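Every read-out reported here was derived from the displayed coordinates using simple, explicitly stated rules and does not represent laboratory data. Note that the structure is a prediction, hence the values are computed from the model and not measured. Because the Cβ atoms are built from the backbone with ideal geometry, glycine has one as well, and the counts that use them run over all protein chains shown.
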Amino acid sequence: MARMRFDLTLLLLFAFGSFLFFSAVSADLVISKLDRRIDLSSHIVRATTSLKVENNGAEAISEFLLPFPEHQAKNLALLTVIIVEGKGKSKVSSESLPVRIVNPKDSPPSLVWYSITLPKELGKGGSLNLEIKVALSNILRPFPEKITQADVQLIVFQDSAQVLSPYAVHMQSLTVKLPEPKVESYTKLENTKFSGSEIKYGPYENQPPFTYTPLAVHYVSNKPFVVARELVREIEISHWGNVQVTESYSLVHAGAVILGEFSRLEYQAQPHLRGASAFRHLIAKLPARAHSIYYRDDIGNISTSNVWGDSSMTLLQIEPRFPMFGGWKTTFTIGYGLPLKDFLFKSGGERFLNIPFGSPIDDLVIDNLTVKIVLPEGSKITSVSVPFSVKQSKQEKISHLDVVGRPVVVLEKTNVVPEHSQYFQVYYKFSNLSLLQEPLMLVFGYFLLFVACIAYVRADFTISKSSPSYLAKLQWDEVRSTIQQFEGVVNQCLIVHDKLQASLRDLSRTGDLQACKAARKTADSTLKELLKDLKPLISFLQSSPQAAQILPKVEELVAKEKELQEKIMQKHSIVVESYDKKSGIKDTENRVTALEQKIVLLRQEVDDLVDTIDEI
Amino acid sequence: MAPSVKPISSPVPSEWYPSIALFMLCNGLVVTASFFIYEATSSRKNRSLTKELFTSAVASFFLGFGSLFLLLASGVYV
């Protein structure tokens with residue numbers, strides 16, 4: 001507190017001194033009306049200033065200067081300036097004007113100057129309505145700095161009743177809005193009024209430039225003072241349909257530090273009396289259609305969470321493992337998946353990701369924010385466009401099914417407030433064919449497995465190539481292959497028999513005798529060929545000693561098959577003859593039935609023999 | 001004046017992922033089974049390399065795509 005006083009007196013001295021230097025420059029611009037509204041309802045101080053600037057000088061001015069004391073400039077998270085035209089319903093706001101820090105050479109120390117570039121020069125006699133929004137983080141001071149569990153949290157806010165400006169102000173007023181309709185104490189200057197939950201200072205008329213009247217407001221605030229010392233957001237895109245966001249938080253309660261012990265019993269019995277300064281819940285507003293939400297920390301899953309979803313957003317309410325009192329820390333990770341079509345777009349030849357920058361948690365101040373965007377393998381990043389200044393760098397990450405690694409864009413920013421949750425874009429190029437790389441890699445992996453199997457089956461790993469058991473195995477392999485070939489031939493014979501039977505049935509249906517005879521001819525020739533093929537196989541089997549067991553069966557099969565063949569041929573000839581002679585159906589039936597029975601029996605036996613040979 | 005902006009989604013509708021995974025994996029396993037049956041029952045002389053390679057190519061194609069869609073269906077968006 002003493003240090004603050006010293007700062008302010010120094011400031012006053014320098015302000016008075018610099019009045020002489022700056023009077024020449026700023027004699028032209030005059031602020032005719034200024035309304036300042038400072039909102040203290042959360043731990044981020046938001047000040048909105050609407051002012052009307054008039055150019056009373058001869059030259060056109062294109063720049064508007066805005067100084068801030070150094071302790072405020074250090075904690076300045078956001079400064080936006082817009083031009084407002086019209087009143088009430090016809091209000092039109094322009095885009096945010098460019099703001100930059102300048103260093104005028106005659107500036108007193110401990111002042112930081114921001115220069116706002118006007119889009120059009122303000123001509124002689126012209127006037128302009130500006131609206132300036134400032135968000136300051138970490139500037140509220142808990143006083144007393146240490147409290148017990150039963151105390152309420154009291155905060156001190158220090159500022160000036162008049163706005164610090166290098167221009168003369170004709171009329172200005174200040175409204176300070178408190179979170180609750182009561183206040184411990186506040187500086188009573190002239191024209192001060194406290195009503196409801198607002199303190200009004202002003203109106204002050206005809207103030208010279210650099211007037212600075214320090215004021216302090218000491219009030220009760222039990223709103224959660226959530227500050228994330230470190231937040232790492234990782235956004236991973238997969239073109240197969242998902243954007244996965246993983247956020248790791250390291251939170252601290254940045255209000256009055258708790259003194260003494262924490263009694264869980266008292267807290268649970270009377271949470272409003274014994275624990276008014278603590279907070280239990282945090283609310284995060286996730287985009288709509290977020291799925292697979294998880295909330296965990298190093299220990300494991302934290303089950304005290306709730307999700308409510310509707311078509312415009314998904315509300316996630318999380319409760320850390322313990323209530324957060326002043327000075328207490330907690331770390332956790334939140335993750336969720338988002339559908340791809342809400343955030344990834346194609347424009348021209350490029351794709352771009354359009355996603356909010358800051359954290360989804362309400363009213364959170366982040367000291368160090370790192371946003372990492374992981375693009376799929378094979379993408380080429382072209383540009384990143386963020387609406388405010390960030391520090392960019394690139395990394396590589398190796399993730400599922402990666403060969404080379406995925407490109408990562410890393411954006412870093414300090415002192416982030418919820419107003420920074422604006423959409424930013426990352427532009428990159430990616431061809432759809434690169435999407436095939438992942439399944440082709442898997443296919444190739446499985447193919448290598450199969451090739452290994454093939455190689456193993458074909459390779460010969462025996463140590464001694466002349467041992468009797470090895471030679472016996474070789475011979476048995478040969479016998480087996482011969483038998484397989486023999487079986488193939490027999491099966492072909494059987495197929496020919498079946499064809500003949502089918503031709504007979506066709507004959508009975510269509511009466512086409514010529515086709516029947518032609519079928520018989522082809523059958524005859526095929527059977528002759530098959531018989532020829534059979535001969536070398538049988539001779540090999542007869543010569544090899546290993547086949548001693550099988551040989552009788554094989555020969556039996558050949559004999560039976562020959563019999564079957566003869567019988568079928570007989571039947572066929574009888575039927576064809578009878579057709580030729582056009583004898584009665586009953587006649588043919590009689591002659592054929594006996595043959596038919598024998599054929600069926602023989603066929604059965606042949607099939608059995610084939611099965612037994614198979615089993616060996 | 002500005003080029004049109006179209007949202008991008010996955011080339012295959014994501015509701016089909018489990019069905020495609022099941023279909024591909026079943027086919028892949030059936031072809032793998034036939035490959036191994038061929039290996040087991042054929043003798044050294046009768047094996048044909050082209051048949052083996054063809055069967056293994058078809059099997060690895062189905063198994064590869066099936067396991068990719070299985071990963072996607074179970075939430076590992078590779």
Task: FRET efficiency, A:V99 to A:T148 (Cβ-Cβ, R0 51 Å, nearest 0.05) - done: 0.70
- [ ] Mind putting together the pair-distance distribution for segment A:82-209? All Cα pairs, 5 Å bins, whole percent per bin, short to long.
- [x] 2, 7, 12, 15, 18, 17, 13, 9, 5, 2, 1, 0, 0
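Assign unit charges at the C-beta atoms only (+1 for Lys and Arg, -1 for Asp and Glu), then state the dipole size of segment A:350-445 relative to its Cα centre in Debye, rounded to the nearest 20.
For this selection, approximately 380 debye.
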- [ ] Take peptide A:445-453, look around each residue's Cβ out to 10 angstrom, count Cβ atoms belonging to other protein chains, and average those counts.
- [x] 6
- [ ] Between the alpha-carbon centers of segment A:283-303 and segment A:456-521, tell me the distance in whole angstrom.
- [x] 66 Å
TODO: Report, to the nearest 10°, how far helix A:2-26 tilts away from the longest principal axis of the Cα atoms in chain A, using its own Cα long axis and a range of 0 to 90°.
DONE: 80 degrees
Open item on the list: Give me the net charge for the shell around A:V374: Cβ to Cβ below 9 angstrom, other residues only, Lys and Arg +1, Asp and Glu -1.
Closed with: +1
Open item on the list: For segment A:545-582 and segment A:136-170, what is the centre-to-centre distance using only Cα atoms, to the nearest Å?
Closed with: 112 Å
Task: DSSP beta bridge pairing in the protein assembly as shown, given as percent antiparallel to the nearest 5 - done: 90 percent
Task: Descending semi-axes in whole angstrom, ellipsoid equivalent of segment A:487-563, from the Cα gyration tensor - done: 33, 12, 7
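Do the alpha carbons of any pairs in A:K528/A:K567; A:K146/A:K200; A:K535/A:K567 sit beyond 19 Å of each other, and which pairs?
A:K146/A:K200; A:K535/A:K567
How big is the dipole moment of segment A:363-411 about its Cα centre under a simple scheme where the beta carbon of each Lys and Arg is +1, that of each Asp and Glu is -1, and everything else is neutral? Debye, nearest 20, please.
Result for segment A:363-411 is approximately 200 debye, rounded to the nearest 20.
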- [ ] Calculate the dipole size of chain A relative to its Cα centre from +1 charges on Lys and Arg beta carbons and -1 charges on Asp and Glu beta carbons; express the result in debye to the nearest 20.
- [x] 980 debye
TODO: Using the Karplus curve 6.51 cos²θ - 1.76 cosθ + 1.60 with θ = phi - 60°, work out ³J(HN,Hα) for each residue of segment A:411-420 in order, rounded to whole Hz, and write x for Gly and Pro.
DONE: 10, 10, 8, 10, 6, 9, 10, x, 5, 7
Open item on the list: If you fit an axis through the alpha-carbon atoms of helix A:585-615 and take the longest principal axis of the Cα set of chain A, what angle between them do you get, 0 to 90°, nearest 10?
Closed with: 60 degrees
TODO: Calculate, axis by axis, the spread of Cα positions in segment A:202-347 along the three principal axes, and write the results as whole Å, longest axis first.
DONE: 61, 53, 27
Open item on the list: Tell me which of A:L507, A:L411, A:L448 sits at the most positive position along the dipole axis of segment A:394-544, charges placed on C-beta atoms (Lys, Arg +1; Asp, Glu -1).
Closed with: A:L507
TODO: Pop out the ³J(HN,Hα) list for segment A:161-177 in order, Karplus 6.51 cos²θ - 1.76 cosθ + 1.60 with θ = phi - 60°, rounded to Hz; leave Gly and Pro as x.
DONE: 5, 9, 6, 7, 9, x, 10, 6, 10, 7, 8, 9, 8, 10, 10, 10, 9
Task: Lys/Arg +1, Asp/Glu -1 at C-beta; segment A:294-426 dipole; positive extreme among A:I299, A:S421, A:S393 - done: A:S393
TODO: Mind checking which lysines have their Cα closer than 24 Å to the Cα of A:K473? Skip sequence neighbours fewer than 8 apart in that chain.
DONE: A:K465, A:K553, B:K45
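Would you tally the net charge around A:N306, using a Cβ to Cβ cut-off of less than 15 Å, leaving A:N306 out, and scoring K and R as +1, D and E as -1?
Net of charged neighbours comes to -1.
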TODO: Can you give me the P(r) profile for segment B:1-70? Cα pairs, bins 5 angstrom wide beginning at 0, each as a whole percent.
DONE: 3, 15, 18, 14, 11, 9, 8, 6, 5, 3, 2, 2, 1, 0, 0
TODO: Run the numbers on chain A and let me know its relative contact order in percent, using alpha-carbon pairs under 8 Å that are six or more apart.
DONE: 10 percent
- [ ] Filter the cross-link list A:K87/A:K120; A:K120/A:K391; A:K329/A:K372; A:K182/A:K223; A:K517/A:K582; A:K532/A:K562 down to pairs whose alpha-carbon distance in this structure exceeds 22 Å.
- [x] A:K120/A:K391; A:K329/A:K372
Task: Hull shadow area, averaged, segment A:427-548 [alpha-carbon convex hull, nm²] - done: 17.2 nm²
- [ ] Output ³J(HN,Hα) for segment B:23-29: one whole-Hz value per residue in order, computed from phi by the Karplus curve 6.51 cos²θ - 1.76 cosθ + 1.60 with θ = phi - 60°, and x for Gly and Pro.
- [x] 4, 5, 5, 4, 4, x, 5
- [ ] Starting from the Cα-Cα distance between A:E59 and A:V92, subtract it from 0.36 nm times their residue separation and give me the gain in nm to one decimal.
- [x] 9.2 nm
TODO: Measure nothing but the geometry: give the 0 to 90° angle between the long axis through the Cα atoms of A:468-510 and the longest principal axis through the Cα atoms of chain A, rounded to 10°.
DONE: 80 degrees
TODO: Please work out the Cα center distance from segment B:3-63 to segment A:588-605, rounded to the nearest Å.
DONE: 47 Å
TODO: Only loop residues by DSSP count here, and only those with at most 15 other Cβ atoms within 10 Å; note down the chymotrypsin sites (Phe, Trp or Tyr not before Pro) in segment A:415-510 that meet that.
DONE: A:F461
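Can you tell me what the convex hull of the Cα atoms of the protein assembly as shown projects to on average, as an area in nm²?
Seen from a random direction, the Cα hull of the protein assembly as shown projects 55.1 nm² on average.
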Task: Using alpha carbons only: equivalent-ellipsoid semi-axes of segment A:335-494, gyration tensor based, whole Å - done: 63, 19, 14
Task: Unit charges at the beta carbon, dipole of chain A: most positive-side option, A:S431, A:P144, A:V243 - done: A:P144
